[in-house]
Amino acid sequence: MKILVTGGAGFIGSNFIHYMMKNHPEDSIVNLDLLTYAGNLESLKGLEDRRNYRFVQGDIADRPFVMKLFEQEKFDWVVNFAAESHVDRSIVDPGVFVRTNIMGTQVLLDASREFGIKRCHQVSTDEVYGDLPLDRRDLFFTEQTPLHTSSPYSASKAGADLLVLAYHRTFGLPVTISRCSNNYGAYQFPEKMIPLMLTRALKDEPLPVYGTGENVRDWLHVEDHCAAIDRIMRDGRAGEVYNIGGHNEKTNLEVVRTILKALGKPESLIRFVEDRKGHDLRYAIDPAKLETELSWKPRYTFETGIRQTIDWYLGHQEWWQHILDGEYSEYFRKMYKM
Ligand code: NAD
Ligand code: DAU
């Protein structure tokens, strides 16, 4: 199988490539990534010389470039991770989210149609469902939950999902979509909550918690996400959506306290700061369809996953320090005024 992975230099995409190289060495992968601020070839170190792996720098929204790549490479499958992925950045500058997440996806769909791709997988998010109330722990997102987005990020992801489903119904393109809850694990860019808190706590720097810290996220270890995508691409039914989650709901404060405790750092590092605009209250996935149809189960609990993640960040200081020393420091100063 020859697979185009887009966004493979980002957090989940790079983990997916490592996962595939380990579990499916018979497949070959072309990694197409623009290398935005979030793309990092350091996350793929050691794969450069593999005969079944190749990196190509480019933009999924660049139609002539993408068409040429498809013509040359004759892919069997496409899996689209490439996106602008950070909610806070979408509140500051929505335009690039529309361009990459919607228009980029459309270019990939057109190329997939033109070159007869056998399976086109769109990596989406539970944020397309909006949020759930904090006082109704009995409610979960299912695949039937209506789309009801809050941020420019989630709106752009929902737009892409609708296009993907339209290409299936109108043109018969063999697509699948997965909608996953919050990921954590190795190689996550430190703008996201867990690595942000972890890397700052290690330096005894204040930890900015939005609002009251009572918002709930449903955490999934990135390796469990990668395994689920692999299952869906191989055995999922065309035209279907699959939710991915592991029932690991935690308030943001619970997560921050867990990190502080594991590092032996004081809770006095916590700073409650101005809330995110339009901040979603609670995400919680019902993964029953994926579990029953495709026999997927997560391998990590939050407790084992967060320990593994903390150990990874402790052992890879160079990887994240390099990011903190770069243009990210300016973003952090502007965003947090800290
Ligand atoms: P990320 O921001 O870490 O990585 C995104 C990657 O896409 C980067 O390598 C970047 O360089 C690349 N990219 C951006 N624009 C591009 C373009 N125009 N052309 C080619 N490449 C481009 O994101 P992530 O956290 O790894 O998320 C990957 C996907 O998973 C996204 O589609 C996101 O919406 C989805 N998702 C993420 C989470 C999460 O918790 N991180 C959860 C559910 C779904
Ligand atoms: O649910 C899936 C989504 O999870 C993905 O689609 C997104 O790409 C991914 O970024 C993530 O979105 P969130 O907005 O939930 O993740 P983030 O890490 O930005 O924030 C997690 C929670 O922590 C959220 O309630 C906001 C809060 N937070 C975040 C940051 C960065 C803070 O309190 N302080 C912070 O500094």
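At a glance:
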| read-out | value |
| --- | --- |
| Any hit, segment 168-177, residues being away from ligand 1 (no atom under 11 Å from the Cβ), over 21 Å from residue 274 (Cβ atoms) and without any contact (Cβ under 8 Å) to a residue 40 or more places away in the chain | yes |
| Those residues of segment 1-51 which are among the basic types (Lys, Arg) and either at pLDDT below 95 or in a loop (DSSP other than H, G, I, E, B) (or both), in sequence order | 45, 50, 51 |
| Unmet requirement for residue 90, which otherwise passes all of (1) of a type in the set (Gly, Ala, Ser); (2) open to solvent by less than 30 Å² (accessible area, probe 1.4 Å); (3) in a loop (DSSP other than H, G, I, E, B) | (3) |
| Positions within segment 325-334 being within 14 Å of ligand 2 (Cβ to nearest atom) and loosely packed, with under 14 Cβ neighbours inside 10 Å, in sequence order | 333, 334 |
| Within segment 94-149, tally of residues that are hydroxyl-bearing (Ser, Thr, Tyr) and either open to solvent by 30 Å² or more (accessible area, probe 1.4 Å) or assigned to a strand (DSSP E or B) (or both) | 5 |
| Filter result (among the small types (Gly, Ala, Ser) and at pLDDT below 95) within segment 302-328 | 326 |
| Inter-residue pairs, beta-carbon under 9 Å, first more than 17 Å from residue 202 (Cα to Cα) and in segment 321-338, second surrounded by 11 or more Cβ atoms within 10 Å (Cβ to Cβ) and of a type in the set (Asp, Glu), 6+ apart | 328/191; 331/191; 335/88; 335/191 |
| Options 275, 311; residue that is not in a helix (DSSP H, G or I) and not hydrophobic (A, V, I, L, M, F, W, C) | 275 |
| Options 118, 192, 157: the member that is closer than 21 Å to residue 262 by Cβ, modelled with pLDDT of 95 or more and basic (Lys, Arg) | 192 |
| Scan of segment 122-136 for residues that are charged (D, E, K, R) and either touching a Pro at 6+ places or on another chain (Cβ under 9 Å) or free of Cβ contacts under 8 Å to residues at least 24 places away in the same chain (or both), ordered by number | 135, 136 |
| Residues within segment 71-115 that are of a type in the set (Phe, Trp, Tyr) and away from ligand 2 (no atom under 16 Å from the Cβ), tallied | 3 |
| Qualifying residue in segment 215-238 (condition: in a strand (DSSP E or B), open to solvent by 20 Å² or more (accessible area, probe 1.4 Å) and either within 19 Å of residue 14 (Cα to Cα) or more than 13 Å from ligand 1 (Cβ to nearest atom) (or both)) | no |
| Count of segment 52-87 residues which are over 26 Å from residue 225 (Cβ atoms) and not in a helix (DSSP H, G or I) | 2 |
| Filter result for residue 294 (more than 14 Å from ligand 1 (Cβ to nearest atom), in contact with an Asp or Glu (Cβ under 9 Å, 6 or more places away or on another chain), among the hydrophobic types (A, V, I, L, M, F, W, C) and within 30 Å of residue 240 (Cα to Cα)) | yes |
| Only listed residue being closer than 25 Å to residue 285 by Cβ and either touching a Gly at 6+ places or on another chain (Cβ under 7 Å) or more than 10 Å from ligand 1 (Cβ to nearest atom) (or both), chosen from 93, 138, 110 | 138 |
| Qualifying residues in segment 37-82 (those that are open to solvent by 90 Å² or more (accessible area, probe 1.4 Å), within 23 Å of the chain's Cα centre (by Cα) and touching a residue at least 12 places away in the same chain (Cβ under 8 Å)) - the one farthest from residue 102 (Cα to Cα) | 54 |
| Selection within segment 153-198 - within 11 Å of ligand 2 (Cβ to nearest atom), farther than 27 Å from residue 235 by Cβ, open to solvent by less than 30 Å² (accessible area, probe 1.4 Å) and in a helix (DSSP H, G or I) | 153, 154, 156, 194, 195, 196, 197 |
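Results for (1) at pLDDT below 95; (2) within 30 Å of residue 1 (Cβ to Cβ); (3) in contact with a helix residue (DSSP H, G or I) (Cβ under 9 Å, 6 or more places away or on another chain), shown as yes or no for each residue.
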site	(1), (2), (3)
233	no, yes, no
250	no, no, yes
263	no, no, yes
267	no, no, yes
278	no, no, yes
287	no, yes, yes
291	no, yes, no
294	no, yes, yes
300	no, yes, yes
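The values are calculated or read from the model by the stated rules, or taken from the named source; none is laboratory data. It should be emphasised that the depicted structure is a prediction, and the values quoted were computed from it without experimental measurement. Here Cβ is always computed from backbone atoms with ideal geometry, including for glycine, and neighbour counts include all displayed protein chains. For accessibility, only protein heavy atoms count, side chains too; no ligands or nucleic acids. Shrake-Rupley method; radii C 1.70, N 1.55, O 1.52, S 1.80 Å.
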